[in-house]
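Here the structure comes first, spelled out in C-alpha cells, and everything after it is commentary.
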Amino acid sequence: MGLVMERRGPYSRGLHKAGVGEHGCWYYLRYFFLFVSLIQFLIILGLVLFMVYGNVHGGTESNLQATERRADVLYGQVVGLTATQTNLTKELNLTTRAKEAIMQLLLNARRDLDRINASFRQCQADRAIYLNNERYMAAIILSEKQCKEHLKGNNNSCNALLLMLGQKAKTLEVELEKEKAVCAKDKEALVLGKRVVEEQLVECGKTQGQLQQEKRIAEERLRKVEALCLRWDKDKFETDLRNIWRDSIIPRTLDSLGYSPYHPSLGEMAPIRRTCDHMPELRTPKVAELARSLRVDIQRVASENADLQRQKLEAEHGLQ
C-alpha cells in the first residue's frame, strides 16, 4: 500500500535527534510518500469496484433464473413435505390412540397384578399363620391334657386346703372377738386419756398466761435496771471527779508546801503534783469496772426477783 511515516515514529524521532531542521528534506518526503500511498489505495479500490460491478445486468439475470429454479424446487419440496406431514400426522394420531389404549391396558394389567400380588401375599401370610396356629393347637391340646391331670390332683389338695382354711377361719373369728374386746378397752382408756390431756391443756393455758405475765414483769424490771445502769456517763463522772479534786484541800496543801523552807524542793513536788492531777483519770477505769459489776449484780438480783415472783404465783395458784 505504500510507506506511511508516523509523525512521532522512531524513524522521525531519530532524524529529529540527528539534527535535521524543522522543514528539511525528510519533512517534504514524508508528505510525498503519503500522497503516493493514497493514490495507490484509490487505484486498487477502483479496480475492485470494476471487477464487482462491471457486468451488472448479466449477473442479475443469471442470478434471477437460478433463484426461480431454486424456488420451484423448494416449492415442490414444500408440497411433498406438506403431504408427508399430513400422512405422518394421521399416523401419529393413530399411534397416539393406540399408545393410549396400550397404556390403559398396561395400567389395568398392573392393577390386576397388584391385586394378585396382594392376594398372594395375604395367602402366604394366612398360610404361615395357619402353620403357626397348627403348632400352637397341638401344643394347646397337649397342655390341656396335662392340665386336666394336674387339675385332678389340685382338686384333692384344694379340698384338704378348704377344710384347713375353714378351721383357721373359725380360729380367726375367735381371735377377732378377743381383739374387739381389747380394742374396746383401749378405746375407753384413750377417751379417758383424752380428757386428762384436755384438762392438762387447760392447765397449760393458765400456766402460759402466768408465764406471759411474769415475762412482762421481768421485762419491765429489766428495762428499769438497764435505765438506771446506763445513766452512768464516764466523761461526766471524770469531769465531776476532777472538779471535786480541784476543790479539795489536797491541791491547796501541795501549793502551800511548795513555798515552805522545811519541805522538799520544787523539783520533788512536781511529780507528786502530776500524780495527784492524774488521780481522777487513774481511778475512772476502776469506777467503770465497779459500775459494770454493779450492773451484773443488779441484773442477777432482778432475775432472782423474777424467779421468786414466778414461784410466788405458782404457790398462790396451788393454794387456790
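For Gln309 and Lys185, the FRET efficiency from 1/(1 + (r/R0)^6), where r spans their Cβ atoms and R0 equals 41 Å, is about 0.35. Between Leu176 and Leu106, the simple spin-label model (points 7 angstrom out along Cα→Cβ) gives 8.5 nm.
Per-residue Karplus couplings for segment 134-142, computed as 6.51 cos²θ - 1.76 cosθ + 1.60 with θ equal to phi - 60°, are listed in order as 5, 5, 4, 4, 4, 5, 5, 4, 5 Hz, Gly and Pro entered as x. If R0 is 56 Å, the Cβ-Cβ spacing of Arg127 and Lys99 corresponds to a FRET efficiency of close to 0.85.
Between Leu294 and Ile116, the contour length at 0.36 nm per residue exceeds the Cα-Cα span by 52.4 nm. FRET efficiency for the Gln167 to Cys147 pair, using the beta carbon distance and R₀ = 25 Å, is estimated at 0.25.
Bear in mind these aren't lab numbers, they're just calculated from the coordinates by the rules spelled out. This is a predicted model, so every value here is computed, not measured. We place every Cβ from the backbone using ideal geometry, glycine too, and count neighbours over all the protein chains shown.
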